Amino acid sequence: MEYIFTLKYQLADHDSDLDALVERLGAAGCDDALVGVGQPGRLALEFSREADSAEEAVRTALADVKNAVPSARLIEASPDLVGLTDVADIVGVSRQAMRKLMVAHRGAFPIPVHEGSASIWHLAEVLNWLKARGGYQIDTGILEVARVALEVNITKEAIRHPTMITRRSG
C-alpha cells in the first residue's frame, strides 16, 4: 500500500547546499519524497512510500533520512497536529459541520493539544472518535499514518523533554 506523510527537520548550518542534500537523500532511498526548503535551516520531505504498513513506511523513511543527513533533527512527523478545517477536509465535510459536531459533543470529543483562537488536535484521536461514532468515511491509510505520526512525535518529545522521574531513575 502507498502511504503519504511528511517529515520536517531542522538542518545543521553545514547542510545548507540544497543540491547536495537532494543528491544525498536520493542516494539514501528518499527518491519517493518531494523535498521542500521553505525556510533557511529547515527541510520538509513529503513521502509517498510503498510499504506493508504505515509504521514500516514511516520508520524506513526516518532511517533513510538519518543515513543521508545524520545531523538533521526531526521537528515533526505529519499528519498529526491538525485544526478542525484539516479534519473536515480529510473526512469530506465542511468546517462548520465539524465545529457543530465538536460543540455538540464537547464532553466526548477528543481533548485538543492546544486550545485557543486556533485549537489543534491529534488527527489520529479525532479520526478514531469519528470512526467509533460511525457514519464517516475514514480512510484507513490516513488513520494508520496519523497513528504512527502521533507515536513518532510523542517519542521525539519524550526524548527531547525527559520527565523528572526519568531523570531520577536513570
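The values are calculated or read from the model by the stated rules, or taken from the named source; none is laboratory data. Keep in mind the model is a prediction, meaning the values are calculated, not measured. Cβ: placed from backbone, ideal geometry, glycine included. Neighbour counts: every protein chain shown. Heads up: the accessible areas ignore ligands, DNA and RNA and are worked out on the full protein's heavy atoms, side chains in. Shrake-Rupley method; radii C 1.70, N 1.55, O 1.52, S 1.80 Å.
A Cβ distance below 8 Å, combined with a sequence gap of six or more or placement on separate chains, defines the contacts here; from region 29-52, residues that are more than 16 Å from Lys66 (Cβ to Cβ) reach residues that are polar (S, T, N, Q) and in a loop (DSSP other than H, G, I, E, B) in the pairs Pro40/Ser16; Gly41/Ser16. Can you spot a residue in region 145-158 that is farther than 19 Å from Thr6 by Cβ and either in contact with a helix residue (DSSP H, G or I) (Cβ under 8 Å, 6 or more places away or on another chain) or not acidic (Asp, Glu) (or both)? Yes, because at least one residue in region 145-158 is farther than 19 Å from Thr6 by Cβ and either in contact with a helix residue (DSSP H, G or I) (Cβ under 8 Å, 6 or more places away or on another chain) or not acidic (Asp, Glu) (or both). Evaluated against (1) open to solvent by 20 Å² or more (accessible area, probe 1.4 Å); (2) at pLDDT below 95, Ala63 falls short on exactly one condition, (2).
Looking at (1) without any contact (Cβ under 8 Å) to a residue 60 or more places away in the chain; (2) open to solvent by less than 50 Å² (accessible area, probe 1.4 Å); (3) part of a helix (DSSP H, G or I), which one does Ala57 not meet, given that it meets all the others? Going through the list (1) without any contact (Cβ under 8 Å) to a residue 60 or more places away in the chain; (2) open to solvent by less than 50 Å² (accessible area, probe 1.4 Å); (3) part of a helix (DSSP H, G or I), Ala57 breaks only (1).
Scanning region 1-15 for residues that are open to solvent by 90 Å² or more (accessible area, probe 1.4 Å) and either more than 21 Å from the chain's Cα centre (by Cα) or not aliphatic (A, V, I, L, M) (or both) yields Glu2, Asp13, His14.
Residues that are of a type in the set (A, V, I, L, M, F, W, C) and buried (at least 17 other Cβ atoms within 10 Å of the Cβ) were ranked within region 110-128; the one that is farthest from Leu81 (Cα to Cα) is Leu127. Scanning region 129-154 for residues that are open to solvent by less than 20 Å² (accessible area, probe 1.4 Å) and in contact with an Asp or Glu (Cβ under 6 Å, 6 or more places away or on another chain) returns Val148, Ala149, Asn153. Scanning region 68-82 for residues that are over 18 Å from Asn128 (Cβ atoms) and not aliphatic (A, V, I, L, M), which turns out most open to solvent (accessible area, probe 1.4 Å)? The extreme case among them is Arg73.
In a residue-by-residue description of region 105-127, the property of being over 25 Å from Gln10 (Cβ atoms), in a helix (DSSP H, G or I) and in contact (Cβ under 8 Å) with a residue 40 or more places away in the chain applies to at least one position. Go through (1) outside any helix (DSSP H, G or I); (2) at pLDDT below 95 for Ala44 and report which single condition fails. With respect to (1) outside any helix (DSSP H, G or I); (2) at pLDDT below 95, Ala44 is out only on (2).
The single condition among (1) without any contact (Cβ under 8 Å) to a residue 12 or more places away in the chain; (2) of a type outside the set (Ser, Thr, Tyr); (3) surrounded by 13 or more Cβ atoms within 10 Å (Cβ to Cβ); (4) part of a loop (DSSP other than H, G, I, E, B) that Ala88 does not meet is (4). Of the residues making up region 16-30, those that are assigned to a loop (DSSP other than H, G, I, E, B) and either buried (at least 19 other Cβ atoms within 10 Å of the Cβ) or touching a helix residue (DSSP H, G or I) at 6+ places or on another chain (Cβ under 6 Å) (or both) are Ala28, Gly29, Cys30. Look at region 12-25: where a residue is touching a residue at least 24 places away in the same chain (Cβ under 8 Å) and a partner is in a loop (DSSP other than H, G, I, E, B) and among the hydroxyl-bearing types (Ser, Thr, Tyr), sitting 6+ places away or on another chain with Cβ atoms under 6 Å, you get Ala12/Ser71.
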